[in-house]
Each structure stands twice: as C-alpha cells, then as structure tokens.
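None of the figures in this text is laboratory data; all of them are computed from the coordinates on show. Just so you know, these numbers come straight off a predicted model, no measurement behind them. Here the Cβ is made from the backbone with ideal geometry for all residues, glycine too, and neighbour counts use every protein chain on show.
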Ligand SMILES: Cc1cc2nc3c(=O)[nH]c(=O)nc-3n(C[C@H](O)[C@H](O)[C@H](O)COP(=O)(O)O)c2cc1C
C-alpha cells in the first residue's frame with residue numbers, strides 16, 4: 001500500500017508521530033486560536049453518546065496516548081466512569097486534515113494532574129474548586145458566590161472583575177474531582193482532503209491489554225480506507 005503524499009517518509013508504525021507533526025503544523029499555521037482543540041465523544045452506561053470540545057494538553061508518541069484535563073464529576077467524567085472509552089476528532093480546516101483517535105481511557109497519574117494543575121493561572125485553579133461542572137446552577141450570581149467562597153478559602157483576591165488581573169501566588173491544591181485522562185490510541189485515522197472528494201484515509205489499529213496500572217500495546221497494522 002502506498003501512503004498519501006502527506007504521509008510519505010513516515011514509518012508506518014508511527015501514526016502518533018504524524019499526529020504530533022500535524023499538531024505542530026496547526027500551531028504554526030495560526031489559523032485556529034486553539035489548534036489543539038478536539039471533539040471528545042463519550043457514552044453513558046446506557047450507550048447514549050455525548051460530545052464536547054476539550055483541549056489536548058499532551059501527546060505521548062510512545063506508548064501512544066493523548067491527554068486532556070477536566071472535572072471527574074462532569075458529564076464526561078461520569079460517562080467515563082461508566083464506559084471508560086472515548087473517541088476524539090481533530091479538524092484543521094485550512095490544512096485539509098482530520099485525525100480520529102479511539103480507545104480506552106485511564107485517569108492520569110495524580111502527580112501528572114498535580115503538575116498540570118499547578119501550571120494553570122490561579123483564577124482557573126479557583127474556578128476548578130468553585131464549579132461543579134455540568135451540574136445545574138440557580139443563577140449567574142450563585143456561581144459568582146461559589147467563586148468568591150473558593151477564593152476566600154485560599155485567601156486569594158476576590159474574583160470580581162478587578163480581581164482577575166491581580167497576581168496571586170499562594171498555594172491552591174488540586175481538587176480531588178479535577179485531573180487528567182489519557183485516551184490511549186487503539187485506532188487512529190489520519191485523513192487528508194483530496195481532489196474531487198477522493199480523500200486519503202489511513203487507519204492504524206493495534207491491541208491494548210491491561211498491564212499493571214497501565215496498558216500494553218501490540219504492533220500497529222495499517223489499512224487504507226475508501227473516501
Ligand atoms: C475551545 C474549547 C476548549 C475547551 N477545553 C476544555 C477542556 O480542556 N476541559 C474541559 O473540561 N472543558 C473544556 N471546554 C468546555 C467543554 O466543551 C464542556 O463545555 C465542558 O467540559 C462540560 O462538558 P460535559 O458537561 O459534557 O462534561 C472547552 C470548550 C471549548 C469551546
């Protein structure tokens with residue numbers, strides 16, 4: 001099988017390396033404010049799907065997973081507790097590329113979530129304490145009260161309009177309900193737009209089996225799909 005032009009020169013066993021390069025290309029292209037945004041689809045216990053945009057914050061080419069951060073008690077968090085699998089899609093319109101990743105999802109190790117949480121602006125860290133993501137709220141005012149209460153708890157500036165610009169370097173621990181997930185690539189499809197809708201589609205698949213606290217990956221096999 002021949003690879004599409006854009007994939008020439010890349011060893012067929014390294015689809016995640018291509019994805020990393022595509023993310024770099026999208027960053028350099030500058031056409032999208034969030035080139036690392038991806039649509040993430042999950043399923044609840046009854047198999048009902050839901051999808052939303054999250055940011056891909058890390059990509060481990062080897063062993064092959066992507067990382068996003070969120071609230072573990074959110075709708076997606078509850079879905080992943082019931083059905084620990086997900087599908088993610090990147091779309092870079094100006095680059096005529098799409099990438100799809102599907103596979104099992106594991107929580108990131110606590111130390112990794114701690115490190116990323118600590119790197120976030122203090123306002124976002126307060127927000128992670130204040131927001132019960134995906135739960136109903138009485139009003140915008142109730143949300144602002146929750147933010148103010150979380151700020152008081154960590155002796156941070158009031159999150160009113162002026163407080164958002166103030167510096168604050170006091171400690172704000174990571175909430176237990178907030179952290180990362182690793183979406184392991186069990187399959188990855190790289191799509192390149194072609195003339196007359198004769199697109200290039202290559203899909204790589206591999207087996208993943210549980211091993212200690214993580215997953216062990218088999219070799220990739222690659223197949224070309226019809227457009
Ligand atoms: C560009 C963009 C990036 C986003 N990044 C994240 C993210 O990294 N993590 C997150 O929890 N929500 C993120 N969101 C918000 C989610 O789309 C979603 O509203 C939220 O996570 C709640 O989803 P859920 O109720 O399905 O769990 C982002 C939204 C947009 C538009």
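For the stretch 159-227, what class follows from the C-alpha gyration tensor (a ≥ b ≥ c being the square roots of its eigenvalues): rounded when a/c is under 1.5, otherwise prolate if a/b is larger than b/c, else oblate? Oblate.
Normalised by the number of residues in the chain, the mean separation of alpha-carbon contacts (under 8 Å, six or more apart) gives a relative contact order of 21 percent. To the nearest ten degrees, helix 140-153 and the longest principal axis of the Cα atoms of the chain are 80 degrees apart. Here residue 166 and residue 209 are evaluated by their C-beta separation; at R0 = 45 Å the FRET efficiency comes out at 0.35.
Within the stretch 95-122, list the residues whose amide N lies under 13 Å from a label point set 7 Å along Cα→Cβ of residue 29. So the set is 95-99. Taking the longest Cα principal axis of the chain as reference, the axis of helix 110-119 is set at about 70 degrees. Here the label points at residue 118 and residue 48, each 7 Å from Cα along the C-beta direction, are separated by 4.0 nm in the simple model. GNM on the chain, alpha-carbon springs under 10 angstrom: the most fluctuating residue among 198, 66, 172 is 198.
The calculated 222 nm mean residue ellipticity attributable to helices in the chain amounts to -7500 deg cm²/dmol, summing -39500 (n - 2.57) over DSSP H runs of n ≥ 4 and dividing by all residues.
The tail of the calculated P(r) for the chain, taken as Cα-Cα distances beyond 23 Å, holds 56 percent of the pairs.
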